[in-house]
Amino acid sequence: MESRLVKELSLRYQPVAVLLSNEKPEGALQGKEGQWSCTIPLFIAAAKGKTSVFERKTTVCNGGKTGLGFGQFPNYPGGIEYFLSVGKSGLFEGEGYKKNPELGGEFVECLPITDIPYQYVIFKPLSQIDTTKERPELIVFYVNTDQLSALTVLANYYRPGNENVMIPFSSGCQAIFLIPYAEAQKENPRAVVGLTDITVRPMVEADMLSFSVPYKMFLDLEESVEGSFLEKHLWHRVVARMAK
């Protein structure tokens, strides 16, 4: 699949199509069963041209299971609300992302946790998508701050209001899949900015973030390029700076 946005935004990396399937793609990268791994490096691998796949039995990370739509958080020793906040003496150090366990528990309750009726979540480079056979659920951009700015403006260009993009507090995988997937079920979904999770920041380049949209919204963004600021001189000045 060709994308005009890839050209107009001068993207370094390919947008990643997220597909749900009961068939496992051959030769895809994935974590090993029983061995902890994080979603984010496999997402970045897809942005660099490799297909990645996730399934319940090889998604060992407790947060990753929930972030990829494989149901509720497994029983976390001592409680996930303590892990997110102050920790438990003798068991684990808290992450300090929430001030206290009460706020940690409230955060979990706010998440749109779901159990998808599929065996596999697939991250595939957009250029490798055959639209006659595949329909992605989401498209996730891996972008620098200039490109993020452009996508934010474009997401508001063709729609009323000024809050068509959200930046939720969430884990990396929740912002890439779980929250955008919930947005995709709405009549007027918002784009979701992610990779603000401090835990995953060391895994990504310093100037990079994610921008996730439902597939229909991606198609609308593509159609909105013509006539927009992306064809005008101010954006071209930004592109010229990125080229340096």
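The values are calculated or read from the model by the stated rules, or taken from the named source; none is laboratory data. These numbers come from a predicted model, not from an experiment. Glycine gets a Cβ as well: all are built from the backbone with ideal geometry, and neighbour counts include every protein chain shown. For the accessible areas, the whole protein counts, side chains as well, though only heavy atoms, and no ligand, DNA or RNA atoms are used. Shrake-Rupley method; radii C 1.70, N 1.55, O 1.52, S 1.80 Å.
Give, to the nearest whole percent, the P(r) tail of the chain beyond 32 angstrom, counting all Cα pairs.
Distances greater than 32 Å cover 21 percent of the Cα pairs.
Tell me the mean residue ellipticity at 222 nm calculated for the chain from its helices only (DSSP H runs of n ≥ 4, each -39500 (n - 2.57), averaged over every residue, nearest 500).
Dividing the helical sum by the residues of the chain leaves -8000 deg cm²/dmol.
What fraction of the DSSP beta bridges in the chain is antiparallel, stated in percent and rounded to the nearest 5?
On the way: 26 of 29 bridges.
Beta bridges within the chain, antiparallel portion: roughly 90 percent.
Would you mind computing Rg(Cα) / (2.2 N^0.38 Å) for the stretch 34-122, counting N as its residues?
Normalised by 2.2 N^0.38 Å, the Cα Rg of the stretch 34-122 equals 1.20.
Pull out the extension gain between Lys7 and Gln185, defined as 0.36 nm times the separation in residues minus the alpha carbon to alpha carbon distance; nm, one decimal.
This chain segment gains 61.2 nm when fully extended.
Could you do me a favour and compute the accessible area per residue for the chain, 1.4 Å probe, result in Å²?
Ligands and nucleic acids excluded, the result is 50 Å² per residue.
The stretch 1-89: which trypsin sites (Lys or Arg not before Pro) are DSSP loop and have at most 10 other beta-carbon atoms within 10 angstrom?
Answer by residue number: Lys32.
Measure off, as a whole percent, the carbon and sulfur share of the 1.4 Å-probe accessible area of the stretch 137-183, all protein chains present.
55
What's the carbon and sulfur percent of the stretch 51-111's accessible surface, probe 1.4 angstrom, rounded to a whole number? Walk me through the numbers before you get to the answer.
Values: 1570 of 3100 Å².
Looking at the stretch 51-111 in its full context, I get 51 percent from C and S.
Report the Cα centroid-to-centroid distance between the stretch 50-107 and the stretch 121-177 in angstrom, as an integer.
Comparing the Cα centres of the stretch 50-107 and the stretch 121-177, I get a distance of 24 Å.
Based on a Kirkwood Rh over C-alpha pairs, give the Stokes-Einstein translational diffusion coefficient of the stretch 1-64 at 10 °C and viscosity 1.306 mPa s in µm²/s. It would help to have the intermediate numbers written out before the result.
Details: Rh = 13.2 Å.
The diffusion coefficient I find is 121 µm²/s.
Springs between alpha-carbon atoms under 10 Å, Gaussian network over the chain: tell me which of Ser89, Ser127, Ser224 tops the mean-square fluctuations.
Highest fluctuation among the options: Ser89.
Cross-link list Lys98/Lys216; Lys98/Lys244; Lys88/Lys216; Lys57/Lys186; Lys7/Lys57; Lys50/Lys244: which exceed 32 angstrom alpha carbon to alpha carbon?
Checking Cα-Cα distances, Lys98/Lys216; Lys98/Lys244; Lys88/Lys216; Lys7/Lys57 exceed 32 Å.
Excluding residues on the same chain fewer than 8 positions from Lys24, give the aspartates and glutamates whose Cα lies under 14 Å from its Cα.
Glu55, Glu134
Dipole size in debye (nearest 20) for the chain around its Cα centre, Lys and Arg Cβ +1, Asp and Glu Cβ -1?
Result for the chain is approximately 520 debye, rounded to the nearest 20.
How many angstrom lie between the C-alpha centres of the stretch 2-28 and the stretch 187-244?
14
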